[in-house]
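Input: a single structure, listed below in structure tokens.
The values are calculated or read from the model by the stated rules, or taken from the named source; none is laboratory data. Treat the numbers as computed from the prediction; the structure is a model and nothing was measured. Here Cβ is always computed from backbone atoms with ideal geometry, including for glycine, and neighbour counts include all displayed protein chains. Keep in mind that these areas ignore ligands, DNA and RNA; they rest on the heavy atoms of the full protein, side chains included. Shrake-Rupley method; radii C 1.70, N 1.55, O 1.52, S 1.80 Å.
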Amino acid sequence: MERMLHTSCVGRFVSGDLTKKRTVDNDGRPIPEDKQAFQIGLAVRKDDPNVNEKIGQIVQYATAGYAQNAYVMSRINVLNQRGFISKNDGGFAWKIKDGDAPDKKGQTNKNTVGCWVFYFSTTLPIKTCNAQNQEIPAEQIKRGYYVDIAGSVGINGLTNDLAGIYLNPNIVRLIA
């Protein structure tokens with residue numbers, strides 16, 4: 001079950017690569033070739049007037065997708081109890097991280113402070129365009145640039161502590 005998202009909020013391209021698939025995981029272990037994907041992080045300011053609506057749409061989608069699974073629903077409800085999301089909050093993989101939260105090493109990323117970071121991934125090449133919606137080579141969009149992303153959201157279908165959603169980018173548009 002997958003649903004198209006409207007275009008994301010404008011954010012800063014802060015992680016990943018539009019032209020190279022990820023070949024190692026967070027612990028430096030090789031990722032099997034058939035599991036490698038393009039992965040990108042988009043940092044959207046928390047004070048963006050549309051970001052809470054976008055997060056709300058994702059939460060509603062996750063809730064609808066897992067409505068028949070009480071265990072996963074209890075994990076999703078952690079969001080409502082705490083009022084925030086983290087990349088894997090309460091045993092549910094949101095693919096959204098609080099940019100103010102420290103990483104495993106206790107450090108914060110200066111490029112994500114004050115932001116929600118949305119993590120998109122796909123095994124397919126990502127289309128790219130400029131602000132006028134004219135196709136451009138992906139190499140023209142670099143980390144640090146401002147973009148928006150048209151894509152889809154889906155539940156991953158797992159029913160254990162790895163349950164969650166995924167965000168797939170279809171088109172990345174260069175804004176500035």
Within the set of pairs 6 or more residues apart or between chains, which connect a residue that is closer than 28 Å to ALA101 by Cα inside the range 118-130 to a residue that is β-branched (Val, Ile, Thr) with Cβ atoms less than 7 Å apart?
PHE118/VAL44; PHE118/ILE96; PHE120/ILE40; PHE120/ILE149
Restricting the range 34-57 to residues that are more than 18 Å from GLY99 (Cα to Cα) and within 14 Å of the chain's Cα centre (by Cα), which is modelled with the lowest pLDDT?
GLN57
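Name the single residue, out of those in the range 120-144 being part of a strand (DSSP E or B) and farther than 24 Å from ILE31 by Cα, that is nearest to the chain's Cα centre (by Cα). Even if it seems obvious, please write down each step before you answer.
First, the residues of the range 120-144 that are part of a strand (DSSP E or B): 120-122, 127-129, 135.
Filter again for farther than 24 Å from ILE31 by Cα, leaving 128-129, 135.
Numbers: THR128: 17, CYS129: 19, GLU135: 23 Å.
Only one residue tops the list, namely THR128.
Just to verify a result, which residue in the range 148-176, among those that are in a loop (DSSP other than H, G, I, E, B) and closer than 21 Å to GLN60 by Cα, is nearest to the chain's Cα centre (by Cα)? Break it down into steps so the answer makes sense when it comes.
Pass one, the range 148-176, residues in a loop (DSSP other than H, G, I, E, B): 156-163, 175-176.
Now restrict to residues that are closer than 21 Å to GLN60 by Cα: 156-163.
Values: ASN156: 13, GLY157: 17, LEU158: 18, THR159: 20, ASN160: 20, ASP161: 18, LEU162: 16, ALA163: 15 Å.
Checking each candidate, the answer is ASN156.
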Whichever residue in the range 3-61 is in contact with an Asp or Glu (Cβ under 6 Å, 6 or more places away or on another chain) and open to solvent by less than 30 Å² (accessible area, probe 1.4 Å) and, among such residues, is nearest to PRO125 (Cα to Cα)
SER8
Looking only at the range 25-73, which residues are touching a residue at least 12 places away in the same chain (Cβ under 8 Å), part of a strand (DSSP E or B) and more than 19 Å from LEU162 (Cβ to Cβ)?
PHE38, ILE40, GLY41, LEU42, ALA43, VAL44, ARG45
